[in-house]
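Colleague: Structure incoming, see below.
The values are calculated or read from the model by the stated rules, or taken from the named source; none is laboratory data. What you see is a predicted model, and the numbers here were worked out from it, not measured in a lab. Neighbour counts run over all protein chains shown; Cβ positions are idealised from the backbone, glycine included. Note: areas computed on protein heavy atoms with side chains; ligands, DNA, RNA excluded. Shrake-Rupley method; radii C 1.70, N 1.55, O 1.52, S 1.80 Å.
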Amino acid sequence: MVWTTDEKVPKFCTWEPYSSKDQGIDFIQNKACEFLWSRAICLNDSAIGFISMTSSSVTDKSRGKSVELGYVLGSKYWSKGIMTYVVKQVKKVAFREFPHLERLEALVDAENVGSQRVLEKAGFHREGVLRKYLFFKGKSRDMVIFSVLSTDLNHQD
């Protein structure tokens, strides 16, 4: 519950902070299974965040060679290099575990500068801004799209 109850974490997410343990259990039992791949981010045997990959290929067969990366981290662990390290590791894992994969992408709220910086430091390329792309929390939001291709890995650390 470290990151799910943290008021700062979901600022740029579609969900609100959890207020009960039951909401966390519901997420684990009913929502986590919807991800193509997901892991807790742990420090000293405590889950401090979450990272996942989702695929649109179920509803859009033309997207079968790409997946979307998503992540959250408890705010007291921000600006410590943890998420950059995790994203770099997951980037390698993604192309190894899913050999058909050509593209790993991430959508970030245009106002979420910290998350944009994480992706840049992890070797993702900023592709552009999708204006008024999502609507949540009562506001249309511009999203920045980042990606890394399987062919990019040969040129990165």
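Colleague: Please give the FRET efficiency for SER56 paired with THR84, using the beta carbon to beta carbon distance and R0 = 30 Å, rounded to the nearest 0.05.
Modeller: On the way: r = 26 Å, r/R0 = 0.85.
About 0.70, to the nearest 0.05.
Colleague: Tell me the carbon and sulfur percent of the accessible area for region 59-112, rounded to whole percent, probe radius 1.4 Å. Don't skip to the end; give the middle numbers.
Modeller: Numbers: 1450 of 2870 Å².
Solvent-exposed carbon and sulfur of region 59-112 make up 50 percent of the total.
Colleague: Along Cα→Cβ, 7 Å out, is where each label goes; now give me the distance between the ones at HIS100 and SER38 in nm to one decimal.
Modeller: My value for the distance between the label points is 2.2 nm.
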